[in-house]
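The values are calculated or read from the model by the stated rules, or taken from the named source; none is laboratory data. As the structure is a prediction and not an experimental result, all values here were calculated from the model. Backbone-built Cβ (ideal geometry, glycine too); neighbour counts: all protein chains shown.
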C-alpha cells in the first residue's frame, strides 16, 4: 500500500526553511508527498527541491480557475512537478450559493476532469464537513449531488476522512458507496469536543481520535484506494512527534 504526507501538514516550518523541512520529511520515513500549502515556486524549482530531498510528489492541490484560464501551461506545470493526481481544495467560491450554482460548479469540474483525463491527469474533489449538508428542499447532500452529477471517469473523490466524520458521516460507509472512485484519500483523525456552544473538534495523530480505523482501512482496500495521504491540519503537541506517531500507525495498518 502506498502512503505519503500532505505537505500542508508542515506548511509552517516550510515557510522558514523549505529545504530543511523536505529533508526532515524524508528522514522521518516518507518517500511520497502531496504538494499543497507550500511556497509559490516555478515547477522546475519544485521538482528540483523534491529531487534533492529524495521525495516524489504524486498529487497536488490546484486552482480550477487557473486551469480554466491557462489550461496548457497548468498541465505542463504539474507534469513537470511529476504528479498524476490533482484536486481543488473545495468548490469554487462562485458556485456555492444555491443548488443551481452548485450544479454549474459540478459541470465545470466534470468538463475540466474530461480534459485532464486526455492529458493523463486525474481530477478529484477534496471535501470538508460542509459538503455533508444539503441545500434547502434537497435530501441529497452537496457531496452526493456532486458525485451523482459528474462522470466517474472525469471526477474522483479525494475523501478527507476526518472531515467526513466531523460532518456527521461514517467514513467507511462513504467509501463503500463509491468504490473505485477514490484513488487518493486523506487519512486524518479527530476528536469532537461537545460544549455549550455547538461542536468543536481538534486534530490528533492517527489512531488517537474517534475514527474507527478497524472499519475504515478494510473499506479503503475494498474501494481500491491507491494513495493514503496523511494530513494533520493542526497539532496539540510537538508537530514532528505527532507526525511520527501517525506514520507508525500507517505502516502498521497498511502492512
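Brief remarks follow.
- Test for residue 58: is it in contact (Cβ under 8 Å) with a residue 60 or more places away in the chain and assigned to a strand (DSSP E or B): yes
- Subset of region 1-11 (residues that are in contact (Cβ under 8 Å) with a residue 60 or more places away in the chain and out of contact with any helix residue (DSSP H, G or I) (no Cβ under 8 Å at 6 or more places or on another chain)): 2, 4, 6, 8
- Looking across region 89-110, the residues that are touching a helix residue (DSSP H, G or I) at 6+ places or on another chain (Cβ under 9 Å) and outside any loop (DSSP other than H, G, I, E, B) come down to 94, 95, 99, 101, 102, 103, 104, 105, 106, 108, 109.
- Count of region 22-43 residues which are part of a helix (DSSP H, G or I) and over 18 Å from residue 86 (Cβ atoms): 7
- Given (1) touching a helix residue (DSSP H, G or I) at 6+ places or on another chain (Cβ under 9 Å); (2) closer than 22 Å to residue 87 by Cα; (3) buried (at least 21 other Cβ atoms within 10 Å of the Cβ), index of the condition residue 229 fails: (1)
- When residue 78 is tested against (1) surrounded by fewer than 18 Cβ atoms within 10 Å (Cβ to Cβ); (2) assigned to a helix (DSSP H, G or I), just one condition goes unmet, and that condition is (1).
- Among the residues of region 121-152, the one identified as under 20 Å from the mean Cα position of the chain (by Cα), part of a loop (DSSP other than H, G, I, E, B), free of Cβ contacts under 8 Å to residues at least 40 places away in the same chain and more than 25 Å from residue 233 (Cα to Cα) is 152.
- Residue within region 37-46 that is assigned by TED's automatic domain parsing to the domain that holds residue 229, under 27 Å from residue 252 (Cα atoms) and either within 21 Å of the chain's Cα centre (by Cα) or surrounded by fewer than 14 Cβ atoms within 10 Å (Cβ to Cβ) (or both) present: no
- Picking from residues in region 153-188 that are touching a residue at least 40 places away in the same chain (Cβ under 8 Å), touching a helix residue (DSSP H, G or I) at 6+ places or on another chain (Cβ under 7 Å) and assigned to a strand (DSSP E or B), the one that is nearest to residue 215 (Cα to Cα) is 187.
- When each of 110, 51 is tested for being closer than 30 Å to residue 251 by Cα and either without any contact (Cβ under 8 Å) to a residue 24 or more places away in the chain or not assigned by TED's automatic domain parsing to the domain that holds residue 165 (or both), the lone residue that passes is 51.
- Test for residue 19: is it over 30 Å from residue 130 (Cβ atoms), assigned to a helix (DSSP H, G or I) and free of Cβ contacts under 8 Å to residues at least 60 places away in the same chain: yes
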